[in-house]
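Student: Sharing a structure here in structure tokens format.
The values are calculated or read from the model by the stated rules, or taken from the named source; none is laboratory data. Since the model is a prediction, treat every value here as computed from it, not as a measurement. Neighbour counts are summed over all protein chains in view; Cβ atoms, including those assigned to glycine, are modelled from backbone coordinates with ideal geometry.
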Amino acid sequence: MAKKQVTVPDIGGAEGAEVIELLVAVGDEIELEQSLLVLESDKASMEIPSDVAGKVLQVLVKVGDELAEGAPILVVETAGEEAADAEEPAQPKESQEEPAAPAAAEPEEQAATTAAADRDGGAAAGDSAAAVREITITVPDIGTEDDVDLIEFSVQVGDQVGEGDSLVVLESDKASMEVPSTHAGTVVKWLVKEGAAVRQGDPLVVLEHAGGDSDRSEPAPEADSAATASGEAEVAAEQPAKRSATDRVTAAEAPSPRVPSDEQLVYAGPAVRKLARELGVDLTKVAGSGPRERVLKEDVQGFVQRALSGKAAAVTSGSGIPAVPEVDFSAFGEIEAVARTKLDKLTAANMQRSWLNVPHVTQFDDADITELEAFRKALKAEAEQRGTKLTPMPFLLKACAIALRDNPKFNASLSADGENLVYKRYTHIGMAVDTPAGLMVPVIRDVDQKTLWQLAEEVLEMAEKARERKLKPAEMQGGCFTISSLGGIGGNGFSPIVNTPEVGILGVSRASVKPVWDGQAFQPRTLLPLSLSYDHRVINGGDAGRFCTQLVALLGDIRRLLL
Ligand code: CAO
């Protein structure tokens, strides 16, 4: 028998994915690849499979925890006897309610008798029972020798922090990063001011924490003198410039900072996120007034004030849309309020943002797919032999890839400042998938370079992964254009919302046989309704007309897909 710790695998760079469901409990026998829990990030919900089989001894996480790659999930007793499997599981501890910090070398600490009792009421300094250790956390290796701005304190003096908890947010020209604490403890004193420019090795904060036994009684001279001199919760770290090198946890010993992904939906630091959570504010609805539209505490507070004064508007970019008045539905009959999933709420926020920011126009047309359908059906047996299924989707993907090549504005995005149009030299197409957890849009890469059979396989695979919540965030990024097909469901037409920052989306409805006049008689033809929504800031009606007409021609005569 061996004990093995199961940790969060590579989840495609997702930071802080939330545990929304636990699928196993202590005592369960689990199998290899069995799903352990469901994580939900800004982009996807995904089931995390076990990489071992055995009996669950401990569950180290709970619903609501935010986990990153490497965070411990379970301790499992496995049948294997190999030494390699016998690694000691981490002991669950308080801080494991939070995501585990990246592994850090134990920093060299300066033991300091800060004499808590002394501060509490003047008991003799050096009371070893009350002695705790103070450590100074410094700026770790941040990948640059230049100064970076300390833009936010994530915690306040007096706060308890766990190992790995964010202490501050630093921001360079290229990224913002949280600096995690190397220890659990109480924040005693800041050694820098918010807004200060700092660099690797600069002292940040003094933490007081229960140290190891051997160090407990060793006094640190500066700490001692400060405590004695003031009788208050001051420490020698008050004057960081005068501290000796040994007072510091050196940069090399501190863990690497976590760099939030570019896809982070809202640009805001942890303290602001915490405040928003406490106040029940949906951050996606708060306009940021900080640098690069960073959401500040004041923005959240202002949002709440406006909400309380009845002026709340679920808007972006300062547009003053009047709020929909709240209705007490229970006044009219029985009701049940069901919490929406994070994915549903994010989809709603994305839709609203696109709808409000993008001047939408939708162009409609019908493609005559009579021959395409005959060809597709003729291939049904071959598709089965290949273990796949040939729906109209691969043909649509291929036709769109050609239309994107020939109408490159549709394969572009507006730069953030609106000054440039960014043309993409790749053809990645998103495919909206309707799943029980909500709408997901996996991206099929390099559609222009794939055969219809390859696309058929990928459509099936991506749709299945989406429905089984197995998509990784990276598989939903990088799209240039989106297809939303409701053909398998029904309807004559609809106007899809552009998936910003893309500038076009093709809605596909259900094909049906209709009489078409050929100049002499009505012929039964299979018509596929298409609706192309586009961002009118980038695409004009002529562009859209040409794109749509080409699509209709390509689908109407699939030999053209070869040209
Ligand atoms: N007209 C007529 N029949 C169609 C059709 C169309 N436009 N498109 C698909 N069909 C048929 C297929 O051929 C298949 O029939 P058979 O089983 O007889 O072969 C059946 O409908 C079901 O197809 P499908 O939906 O499983 O496969 P697909 O490749 O067409 O689509 C996917 C895959 C993932 C796009 C689709 O399943 C899906 O989830 N669509 C919903 C997208 C959505 O929610 N959009 C809205 C976004 S905004 O809220």
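Student: Got a number for residues in the stretch 273-299 being more than 23 Å from Ser354 (Cβ to Cβ) and aliphatic (A, V, I, L, M)?
Tutor: 3
Student: Looking at the stretch 158-172 only, could you name the residues that are in contact (Cβ under 8 Å) with a residue 60 or more places away in the chain and more than 12 Å from Val198 (Cβ to Cβ)?
Tutor: Hits for the stretch 158-172 are Gly162, Glu163, Gly164, Asp165, Ser166.
Student: Anything in the stretch 39-58 that is part of a strand (DSSP E or B), at pLDDT below 90 and buried (at least 20 other Cβ atoms within 10 Å of the Cβ)? List them, or say none. Spell out how you get there, then give the answer.
Tutor: Step one: filter the stretch 39-58 for residues part of a strand (DSSP E or B), giving 39-40, 45-49, 54-58.
Imposing the further condition that a residue be at pLDDT below 90 reduces the set to 39-40, 45-49, 58.
Within the stretch 39-58, Leu39, Glu40, Ser45, Met46, Ile48 meet the criteria.
Student: Have a look at Asp557, Asp535, Asp518, Asp543 and point out the one that is touching a residue at least 24 places away in the same chain (Cβ under 8 Å), over 30 Å from Gly478 (Cβ atoms) and either in the same structural domain as Gln477 (by TED's automatic domain parsing) or under 40 Å from the mean Cα position of the chain (by Cα) (or both).
Tutor: Answer to the check: Asp557.
Student: Identify all residues within the stretch 136-157 that are farther than 9 Å from Val168 by Cβ and without any contact (Cβ under 8 Å) to a residue 60 or more places away in the chain; write none if there are none.
Tutor: Residues satisfying the conditions are Gly143, Thr144, Glu145, Asp146, Asp147, Val148, Asp149, Gln156, Val157.
Student: Still on this model: Test of understanding: among Leu39, Leu23, Leu32, which residue is under 23 Å from Arg340 (Cα atoms) and more than 16 Å from the chain's Cα centre (by Cα)?
Tutor: Leu23
Student: Shifting gears a bit: Could you please find all residues in the stretch 513-535 being more than 11 Å from the ligand (Cβ to nearest atom) and among the small types (Gly, Ala, Ser)?
Tutor: The answer is Gly519, Ala521, Ser531.
Student: Suppose the filter is at pLDDT below 50, not aliphatic (A, V, I, L, M) and not assigned by TED's automatic domain parsing to the domain that holds Val295; does Gly143 pass it?
Tutor: Here the answer is no, as Gly143 does not meet what is asked.
Student: Test Val179 against the criterion of being modelled with pLDDT of 85 or more, outside the structural domain of Leu275 (by TED's automatic domain parsing), within 18 Å of Ala271 (Cβ to Cβ) and touching a Lys or Arg at 6+ places or on another chain (Cβ under 8 Å), and give yes or no.
Tutor: Values: modelled with pLDDT of 85 or more: yes; outside the structural domain of Leu275 (by TED's automatic domain parsing): yes; within 18 Å of Ala271 (Cβ to Cβ): yes; touching a Lys or Arg at 6+ places or on another chain (Cβ under 8 Å): no.
Taking the combined requirement at face value, the residue does not satisfy it.
Student: Among the residues of the stretch 442-455, is any in the same structural domain as Ala401 (by TED's automatic domain parsing), loosely packed, with under 15 Cβ neighbours inside 10 Å and in contact with a Leu (Cβ under 8 Å, 6 or more places away or on another chain)?
Tutor: No, the conditions are met nowhere in the stretch 442-455.
Student: For the stretch 468-488, what are the residues that are near the ligand (Cβ under 9 Å from one of its atoms), out of contact with any Ser or Thr (no Cβ under 9 Å at 6 or more places or on another chain) and of a type outside the set (Ser, Thr, Tyr)?
Tutor: The answer is Ile483, and nothing else.
Student: Kindly indicate which of Lys389, Lys398 is in contact with a Leu (Cβ under 7 Å, 6 or more places away or on another chain) and within 11 Å of the ligand (Cβ to nearest atom).
Tutor: The match here is Lys389.
Student: Considering the stretch 489-507 alone, what residues qualify as being crowded, with 18+ Cβ neighbours inside 10 Å and within 14 Å of the ligand (Cβ to nearest atom)?
Tutor: Pro496, Ile497, Val498, Asn499, Glu502, Ile505, Leu506, Gly507
Student: Listed residues Thr435, Thr427, Thr451; which is of a type in the set (S, T, N, Q) and within 13 Å of the ligand (Cβ to nearest atom)?
Tutor: Checking each option against the conditions leaves just Thr435.
Student: Here is a further query. Please name all residue pairs, on different chains or six or more residues apart, with Cβ atoms under 6 Å, provided the first residue is in the stretch 25-38 and is exposed (fewer than 15 other Cβ atoms within 10 Å of the Cβ) and the second residue is part of a loop (DSSP other than H, G, I, E, B) and at pLDDT 90 or above.
Tutor: Glu31/Ala53; Leu32/Ala53
Student: Can you name the residue in the stretch 1-34 that is over 19 Å from Arg273 (Cβ atoms), of a type outside the set (A, V, I, L, M) and in a loop (DSSP other than H, G, I, E, B) and, of all such residues, is modelled with the lowest pLDDT?
Tutor: Per the criteria, the residue is Gly12.
Student: Quick check on my filter: what residues within the stretch 456-467 are within 10 Å of the ligand (Cβ to nearest atom) and surrounded by fewer than 21 Cβ atoms within 10 Å (Cβ to Cβ)?
Tutor: Scanning the stretch 456-467 gives Leu460, Ala463, Glu464, Arg467.
Student: Could I ask something else about it? Restricting to strands (runs of 3 or more DSSP E) lying wholly in the stretch 338-430: which have 2 or more residues that are buried (at least 16 other Cβ atoms within 10 Å of the Cβ)?
Tutor: 360-368, 412-414
Student: So, one more: Within the group Arg510, Arg546, which residue is modelled with pLDDT of 95 or more and within 11 Å of the ligand (Cβ to nearest atom)?
Tutor: Values: Arg546 fails: within 11 Å of the ligand (Cβ to nearest atom).
Exactly one of Arg510, Arg546 is modelled with pLDDT of 95 or more and within 11 Å of the ligand (Cβ to nearest atom), namely Arg510.
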